[in-house]
Amino acid sequence: MGIFSFLRRRPKYAYTINETEALEAYIEKQYGEIETVFHELKSPDIHLDIYVIKPTEQENYYKLVTVGVGAYQMQVPQNLQGLGMDKAELVIFLPSHWNIKGIKDVDYWPIRMMKQIGRLPILCNTWIGEGHSIASEEGKPYAENTKLNSCFLLCARAEDGAAQSVLLPSGKKVRFYQIVPAYREEMDYKLENGCNALVQRMIENGVDMVIDPNRKNVCK
């Protein structure tokens, strides 16, 4: 009875133990020691865990990385097939004062955003990659403590500037994408001028990858 119950709970798409170990090793090498893992309690499609790397003196912010999104092979366009772009994991950075274990919207919205984006390829039979934009539900702000209401994805970069990816024991490549929350005006600017133009404007205004709910709107 217990065995059959376990099988019913097993997600449809899941990494093997060896694949999970390869991802964990890469995360620790790239981001630092894993402090804890936010495990999903219910996983009907993928088992989407979030690995937490705590702030350090050198890098005073939390690093959150998904493990589980890439168990699903995304439906990339035909011209991109075979280029190792059909598996992805997601990354966000949060300031050291953030209550990452909080369940209120003002604390939880970045984690909820990771989970929603992570399941988007399954729910919409699509794919996610660099430059892709994702709006919040009905275009509303993510929480009452921010006016950010959308986001876009950038390739997560290693210290040498190379796009982050890991080769699984199966030979499949998993790419890592940084989630960058944005304002409506910024997304309008991106759609008109391109992702690189928006990123350049953010750099010029001192916007970095650590999420600030009340950061400057660079297009207002």
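The values are calculated or read from the model by the stated rules, or taken from the named source; none is laboratory data. All of these numbers come straight from a predicted model, not from anything done at the bench. Cβ: placed from backbone, ideal geometry, glycine included. Neighbour counts: every protein chain shown. For accessibility, only protein heavy atoms count, side chains too; no ligands or nucleic acids. Shrake-Rupley method; radii C 1.70, N 1.55, O 1.52, S 1.80 Å.
Here's the list of lysines a cross-link from LYS216 could span, going by alpha-carbon distance under 21 Å and ignoring same-chain residues fewer than 8 apart: LYS140, LYS147, LYS190. If you sort the three axes of the alpha carbon gyration tensor as a ≥ b ≥ c, you get a/c of 1.5 or more for region 106-162 and a/b no higher than b/c, which makes it oblate.
Once the Cβ-Cβ distance between ALA163 and HIS39 is put in as r, and R0 is 35 Å, what FRET efficiency do you end up with, to the nearest 0.05? According to the calculation, E is roughly 0.80.
For the chain, adding -39500 (n - 2.57) for each run of n ≥ 4 DSSP H residues and dividing by the number of residues yields -9000 deg cm²/dmol at 222 nm. Near SER150, the amide H atoms lying under 5 Å from its own belong to SER136, ALA182; only residues 5 or more places off or on other chains count, and H is placed 1.01 Å from N. For region 18-162, the per residue solvent-accessible surface stands at 51 Å², with DNA, RNA and ligands left out and a 1.4 Å probe.
A Cβ-based charge dipole, computed about the Cα centre of region 73-220 with Lys and Arg at +1 and Asp and Glu at -1, lands at about 300 debye. Listed by chain and number, the aspartates and glutamates whose alpha-carbon sits under 13 Å from that of LYS220, ignoring those within fewer than 8 places in the same chain, are GLU185, GLU186, ASP188. Taking 21 Å as the straight-line reach from the Cα of LYS101, the lysines in range (excluding those fewer than 8 positions away in the same chain) are LYS42, LYS54, LYS63, LYS115.
Relative contact order for the chain: 17 percent, from Cα pairs under 8 Å spaced at least 6 residues apart, divided by residue count. Please work out the Cα center distance from region 104-123 to region 145-220, rounded to the nearest Å. Each part reduced to its Cα centre gives a spacing of 16 Å. Taking a label point 7 Å from the Cα of LEU80 along the Cα→Cβ vector, which residues of region 107-135 have an amide N closer than 12 Å to it? Inside the label zone: 121, 126-133. Residue ranges 128-134, 74-80 sort as 128-134, 74-80 when ordered by packing (mean number of other C-beta atoms within 10 Å per residue, highest first).
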